[in-house]
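Take a look at the structure below.
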Amino acid sequence: MSKISNTLKNEDFQRRIVPFLSVLLGFIIGAIVMAFSGYDPIQAYSELLKGAGFYGNIKRFGDTLLTMTSLVLTGLSVSFAFKTGLFNIGAPGQMLMGGFIAVYIGVVFELPRIIHLPFAVISAALLGAVWAFLPGLLKAKFRINEVVTAIMMNWIAYWSVYYFVPAKIPGNFNTESAVIKNTASLRTEWLSKLFKGSYVNLGFFIAIIAAILVWWILEKTTFGYELKAVGFNAHAAEYAGMKVNRNIILSMMISGALSGLAGAVYYLGYGNNIKIGELPSQGFDGIAVALLGLNSPIGVVFSSFLFGFMNAGKLFMNAATEVPKELIEIIIAVIIFFAAANLMIKGILSKINKGLDRNGGGSNA
């Protein structure tokens with residue numbers, strides 16, 4: 001009993017168990033809603049897993065990996081900023097601009113694939129970084145809240161793409177660009193064959209490599225230590241001789257580069273052109289992914305997988321059971337709610353712990 005009590009008291013354990021409890025509570029509440037609505041939750045969840053390719057269909061599993069790919073990168077983008085004390089709500093705009101330049105290069109240039117594809121992907125990361133530079137600069141120099149400036153940058157990106165797509169790379173319709181050349185596509189024949197026709201592409205490997213790099217920068221380098229130190233306490237970091245303003249700007253730019261990469265893998269892999277009139281929802285979803293993943297690169301990969309399989313499987317679940325696909329959105333919202341309300345869950349754990357202590361004390365007496 002005392003071992004359980006000590007485990008529950010451990011703050012690190014509490015921090016790690018909250019995401020799992022949040023997911024569990026999300027699914028339980030989703031099941032209750034389904035049951036009250038006259039649906040069978042066990043069958044619905046079974047079809048959800050089946051639709052995500054957990055058994056019986058490798059193509060659907062490829063679609064799950066495809067869905068999680070851009071979420072890994074936007075989640076990393078938001079979590080990197082969080083780690084350094086910033087809130088990058090500009091991920092949708094950075095992703096959109098990254099995607100735009102990637103598609104522009106994919107449409108306009110004729111180059112060998114070995115040059116064309118890296119050129120488009122690297123350019124997307126660079127433009128994402130440049131798009132995040134201004135909010136970072138204003139935050140560092142004038143302490144202007146990065147949330148406000150990043151939101152404005154989102155809308156500048158939105159209207160810039162709205163203008164430049166039909167003006168520079170028009171497609172068959174006024175609302176979309178021309179199709180990229182095959183030499184700029186992240187799709188490969190061997191991956192399509194492996195996953196039986198799924199659009200899962202090289203972007204998945206880019207996302208995993210990015211997660212490893214972010215972990216390495218934050219945990220294994222002096223630069224990462226300085227960034228985190230600025231996030232914990234900018235005044236203390238400055239007193240210790242660290243260049244706070246430079247680190248704020250660099251942090252925002254790295255975060256923007258990750259969102260720009262998300263734009264590249266989405267528009268060069270999942271799609272093959274870019275549409276106007278919409279901010280990519282993956283940019284906003286990255287906030288939820290980062291929150292559930294505790295702002296850790298490994299946690300972000302796992303939470304992206306969770307979001308990926310739920311989004312990939314919900315249409316199949318809807319077709320197989322007639323459970324509204326919107327219910328998945330409710331479950332996701334509940335999961336995020338409990339992840340955000342982690343203090344409430346910690347409070348419940350503390351009460352359980354006190355109960356165990358009382359029982360243990362009684363037995364000892």
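The values are calculated or read from the model by the stated rules, or taken from the named source; none is laboratory data. Bear in mind the structure is a predicted one, so any value in this text is a computation, not a measurement. Cβ placement follows ideal geometry from the backbone for every residue including glycine, while neighbour counts extend to all protein chains displayed. Surface accessibility is based on the protein's heavy atoms, side chains included, excluding ligands, DNA and RNA. Shrake-Rupley method; radii C 1.70, N 1.55, O 1.52, S 1.80 Å.
What the table shows:
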quantity: Enumeration of residues in segment 283-295 that are open to solvent by 30 Å² or more (accessible area, probe 1.4 Å) and of a type outside the set (A, V, I, L, M, F, W, C); calculated: D285, N295
quantity: Filter result for the condition that a residue is surrounded by 18 or more Cβ atoms within 10 Å (Cβ to Cβ), among the polar types (S, T, N, Q) and not in a helix (DSSP H, G or I), over N247, N201; calculated: N201
quantity: Residues located in segment 141-177, provided they are surrounded by 13 or more Cβ atoms within 10 Å (Cβ to Cβ), hydroxyl-bearing (S, T, Y) and in a helix (DSSP H, G or I); calculated: T149, Y158, S160, Y162
quantity: Options L126, L86, L96: the member that is closer than 19 Å to A207 by Cα and open to solvent by less than 20 Å² (accessible area, probe 1.4 Å); calculated: L96
quantity: Condition check for L343: open to solvent by less than 20 Å² (accessible area, probe 1.4 Å) and at pLDDT below 80; calculated: no
quantity: Residue within segment 264-283 that is in a helix (DSSP H, G or I) and either over 29 Å from F54 (Cβ atoms) or charged (D, E, K, R) (or both) present; calculated: no
quantity: Options I276, I298, I254, I328: the member that is more than 29 Å from G224 (Cα to Cα) and open to solvent by 20 Å² or more (accessible area, probe 1.4 Å); calculated: I276
quantity: Test: residue in segment 226-242 that is assigned to a helix (DSSP H, G or I), within 14 Å of P297 (Cα to Cα) and open to solvent by less than 30 Å² (accessible area, probe 1.4 Å); calculated: no
quantity: Criterion violated by L138 - all others in (1) surrounded by fewer than 23 Cβ atoms within 10 Å (Cβ to Cβ); (2) touching a residue at least 60 places away in the same chain (Cβ under 8 Å); (3) in contact with a helix residue (DSSP H, G or I) (Cβ under 6 Å, 6 or more places away or on another chain) satisfied; calculated: (2)
quantity: Cross-chain or 6+ apart pairs with Cβ under 8 Å, segment 20-34 first and open to solvent by less than 50 Å² (accessible area, probe 1.4 Å), then not in a helix (DSSP H, G or I); calculated: M34/D40; M34/V323
quantity: Some residue of segment 161-168 being over 27 Å from N295 (Cα atoms), hydroxyl-bearing (S, T, Y) and out of contact with any Gly (no Cβ under 6 Å at 6 or more places or on another chain); calculated: yes
